[in-house]
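Participant: Mind having a look at this structure? Questions to follow.
The values are calculated or read from the model by the stated rules, or taken from the named source; none is laboratory data. Treat the numbers as computed from the prediction; the structure is a model and nothing was measured. Note that each Cβ is placed from the backbone with ideal geometry, even for glycine, and that neighbours are counted across all protein chains shown. Heads up: the accessible areas ignore ligands, DNA and RNA and are worked out on the full protein's heavy atoms, side chains in. Shrake-Rupley method; radii C 1.70, N 1.55, O 1.52, S 1.80 Å.
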Amino acid sequence: MYVCICNSVTDKAIHKAVAGGVRTFAQLQAQTAVATCCGKCTSCAKQVMADALSTQPVPQAIRWVPQLAAA
């Protein structure tokens, strides 16, 4: 589905950008040019991005274990 008609940005393009590491709307705009012309698609683009972000895996926390000093 086209999200941004002005710049021919689809929902698939937004999902692909998020899968590629985009995490903010400003990053999405820089990569895809979505919502950079008339802006009427901004709310839809943000919703599609939120949906895409919700499907991304949550990174595992790095577990830090203190080392005991050698005596």
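Participant: Kindly provide the set of residues from the stretch 23-60 that are among the aliphatic types (A, V, I, L, M) and in contact (Cβ under 8 Å) with a residue 12 or more places away in the chain, ordered by number.
Facilitator: 28, 33, 34, 35, 45, 48, 49, 52, 53
Participant: Do you know which residues across the stretch 7-40 are assigned to a loop (DSSP other than H, G, I, E, B), of a type outside the set (Gly, Ala, Ser) and over 16 Å from residue 56 (Cβ atoms)?
Facilitator: Selection gives 7, 34, 36, 37, 38, 40.
Participant: Mind telling me which of the residues 66, 57 ends up being modelled with pLDDT under 95 and open to solvent by less than 100 Å² (accessible area, probe 1.4 Å)?
Facilitator: 66
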